[in-house]
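Quick note: the coordinates plus some simple rules give every number you see, no bench work behind them. No experiment lies behind these values; they were computed from the predicted model shown. Note that each Cβ is placed from the backbone with ideal geometry, even for glycine, and that neighbours are counted across all protein chains shown.
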Amino acid sequence: MSHSKSRERAETAFNDVQSQFFARNSASQEIDHVAQARDAKTLRLREARLAHEKQVLTNMRLAQEATNHGSRP
């Protein structure tokens with residue numbers, strides 16, 4: 001009988017530890033997913049900002065060229 005009770009306690013303790021492990025693993029995976037999503041969004045925003053800045057510079061250059069050409073005799 002004591003062997004059976006001892007085994008039950010050991011299995012219960014093991015299950016508790018296993019549950020904690022799976023909970024931590026799940027939380028870790030969720031954190032990784034959130035970090036990947038954040039990194040992807042940061043990359044998209046950076047690319048959009050750089051494209052916008054490139055367009056602004058191009059427009060400024062074109063406007064400057066038009067101004068320069070317009071003031072020549």
>> Let me check I've understood the local charge: for ARG38, count other residues with C-beta under 13 angstrom from its C-beta, Lys and Arg +1, Asp and Glu -1. What total comes out?
In response: 0
> Can you give the three extents of the C-alpha atoms in the chain along their principal axes, from longest to shortest, in whole Å?
Replying inline: 110, 6, 6
>> Per DSSP helix of 4 or more residues, -39500 (n - 2.57); summed, then divided by the residues of the chain. What does that give at 222 nm, rounded to the nearest 500?
In response: -36000 deg cm²/dmol
> Say the dipole of the chain comes from +1 at the beta carbon of Lys and Arg and -1 at that of Asp and Glu; which of MET60, VAL17, LEU43 then lies farthest toward its positive end?
Replying inline: MET60
